[in-house]
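**Q** Encoded as structure tokens, here's the structure I'll be asking about.
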Amino acid sequence: MAKKWQKLLPIKQGLVRPKMPKNYPYKEPFLSKPTDNDLSKQWVVDYSIWSKQREKLVRKRVVIKGDSIEARLKDANEVIALLQDDLKNSAYIEPLEQPEPTISKVDLKREIGCKEAIDYYLDTINSSLSKGSQRTYRCNFRVPRLGTSRLSAVTKSITSIVWLTDR
């Protein structure tokens, strides 16, 4: 039975497993620990993996925790085995492919609802925003449930913003 951390390790490290293996460069994982095996100091498994966005090797670390030297060594060996398997199967981080934004067609000549206007605006600018900014914009533009009421002032200002960004 796999431990919880074993299932989450590739996700937390951001590993991508390609469908079609390609040989990406990597550096073998190894345990970095104090020479005196001191448990109060940090033990890490250190390795380097290929980043598609940066087109270079990126150093990654996995912190090893445990109550005894034997437990830490056992966990470190398991982490190293998992990482070696992923690295040999051409795992990489930071993939290039980004999903294309889907811009819904909105007739700007008619009066539209606030939520519809905000969604249109966010869909329009999404291609130029990072994922973190997209999330922030979505959170900041949350609209209370308005039912069928229309906010023409907000709609007009958003329409003018969209019109200016289209130029």
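The values are calculated or read from the model by the stated rules, or taken from the named source; none is laboratory data. Bear in mind that the values here come from a model prediction, so they are computed numbers and not experimental data. Using ideal geometry, Cβ is built from the backbone for each residue, glycine included, and neighbour counts are taken over all protein chains shown.
**Q** For the condition touching a helix residue (DSSP H, G or I) at 6+ places or on another chain (Cβ under 9 Å) and either within 30 Å of Asp67 (Cα to Cα) or modelled with pLDDT of 75 or more (or both), what is the one hit in Lys52, Lys33, Lys4?
**A** Result of the check over Lys52, Lys33, Lys4: Lys33.
**Q** Still on this model: Give the residue, chosen from Asp75, Asp86, that is under 30 Å from Leu39 (Cα atoms), modelled with pLDDT under 90 and among the acidic types (Asp, Glu).
**A** Exactly one residue qualifies, and that residue is Asp86.
**Q** Here are Lys56, Lys41, Lys22, Lys52: which of them is of a type in the set (Lys, Arg), exposed (fewer than 12 other Cβ atoms within 10 Å of the Cβ), within 19 Å of the chain's Cα centre (by Cα) and over 16 Å from Leu9 (Cα atoms)?
**A** Just a single option satisfies the conditions, and that option is Lys56.
**Q** Kindly provide the set of residues from the range 55-95 that are of a type in the set (Lys, Arg), under 23 Å from Pro18 (Cβ atoms) and out of contact with any strand residue (DSSP E or B) (no Cβ under 9 Å at 6 or more places or on another chain), ordered by number.
**A** Listed by number, the list holds a single entry, Lys88.
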